[in-house]
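Read the structure below first, then the notes.
The values are calculated or read from the model by the stated rules, or taken from the named source; none is laboratory data. Bear in mind that the values here come from a model prediction, so they are computed numbers and not experimental data. As a convention, Cβ positions derive from the backbone with ideal geometry for all residues, glycine included, and neighbour counts pool all protein chains shown. Just the protein is used for accessible areas: all its heavy atoms, side chains included, with ligands, DNA and RNA removed. Shrake-Rupley method; radii C 1.70, N 1.55, O 1.52, S 1.80 Å.
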Amino acid sequence: AEIDQEIERLKNMKRFVEWERTTIKEALEAEVDKSKLAERGQEYLFSSEVNITGERKLAEEIAHHVSVCEQYHISMNAVGAVCLGRDLEAGKYDRYRSVYTRLDKRISALKPYVKPAGTYVELYYRGYDGDMGKAYPVIRDFAEQQGIRLDEMWYEDLLLDELTVRDTADYVVKVAVRVK
């Protein structure tokens with residue numbers, strides 16, 4: 001049983017390293033500060049509601065989320081966050097509604113959140129202020145220029161973070177919101 005647990009831990013570690021390699025490549029090849037339309041497939045996410053503001057409380061919620069991921073042997077890739085469009089419209093850029101981890105396999109004990117397939121507006125930006133304040137107006141303006149309406153769920157992924165760069169000014173963040 002101990003050997004099986006160690007094998008599972010090492011498999012998860014390998015998936016994490018592969019995920020980081022893919023994410024770093026995406027971040028390095030991304031055109032920053034420019035919105036674009038992209039077709040994306042359906043994804044399964046393990047999601048934890050947070051409904052809080054403040055970095056300390058958010059860090060506690062993320063730690064709890066990560067511990068549940070470890071409990072169910074979910075391959076740890078970056079933890080993303082979800083904001084709602086109505087919060088962003090009201091200027092509440094640091095109000096995260098949930099955090100998530102992409103699932104690379106189905107886990108019967110967890111009901112995954114399904115991030116729908118479709119056309120998304122995506123924006124990569126460098127630096128990180130801990131909220132959507134930088135991305136929201138750029139994406140909103142792009143949507144208005146294109147004459148498209150945006151969904152309520154805004155997804156934020158840190159592609160380059162404290163594990164891969166030294167300074168928050170070098171972080172690369174990807175924000176995506178589905179087109180209605």
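Within region 103-136, the set of residues being of a type in the set (Phe, Trp, Tyr) and over 30 Å from GLY147 (Cβ atoms) comprises TYR128 only. The set of residues from region 136-171 being among the charged types (D, E, K, R) and in a helix (DSSP H, G or I) comprises ARG140, ASP141, GLU144, ASP170.
The rows are residues; the columns are (1) in contact with a Ser or Thr (Cβ under 8 Å, 6 or more places away or on another chain); (2) modelled with pLDDT under 95; (3) under 28 Å from CYS69 (Cβ atoms).
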position	(1), (2), (3)
ARG106	no, yes, yes
ALA109	no, yes, yes
VAL114	no, yes, yes
ALA117	no, no, yes
ARG126	no, yes, yes
ASP131	no, yes, yes
PHE142	yes, no, no
GLY147	no, no, no
ASP151	no, no, yes
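Selection of region 59-100 for residues being acidic (Asp, Glu), open to solvent by 40 Å² or more (accessible area, probe 1.4 Å) and in a helix (DSSP H, G or I) yields GLU60, GLU61, GLU70, GLU89.
If I filter region 65-82 for residues that are modelled with pLDDT of 95 or more and either more than 12 Å from the chain's Cα centre (by Cα) or closer than 14 Å to SER47 by Cβ (or both), do I get at least one hit? Please lay out each step first, then the result.
Applying the first criterion (modelled with pLDDT of 95 or more) to region 65-82 yields none.
No, region 65-82 contains no residue that is modelled with pLDDT of 95 or more and either more than 12 Å from the chain's Cα centre (by Cα) or closer than 14 Å to SER47 by Cβ (or both).
Taken over region 144-180, the criterion of being open to solvent by 50 Å² or more (accessible area, probe 1.4 Å) and without any contact (Cβ under 8 Å) to a residue 24 or more places away in the chain is satisfied by GLU144, GLN145, GLY147, GLU162, ARG166, ASP167. Scan region 20-58 for residues that are open to solvent by 70 Å² or more (accessible area, probe 1.4 Å) and under 18 Å from CYS69 (Cβ atoms) and the total you get is 2.
Look at (1) over 17 Å from GLY91 (Cα atoms); (2) open to solvent by 20 Å² or more (accessible area, probe 1.4 Å) and you find that ASP141 fails only one, number (1).
Would you confirm whether or not region 103-122 contains a residue that is touching a Cys at 6+ places or on another chain (Cβ under 9 Å) and under 23 Å from LEU28 (Cβ atoms)? For region 103-122, residues touching a Cys at 6+ places or on another chain (Cβ under 9 Å) and under 23 Å from LEU28 (Cβ atoms): absent.
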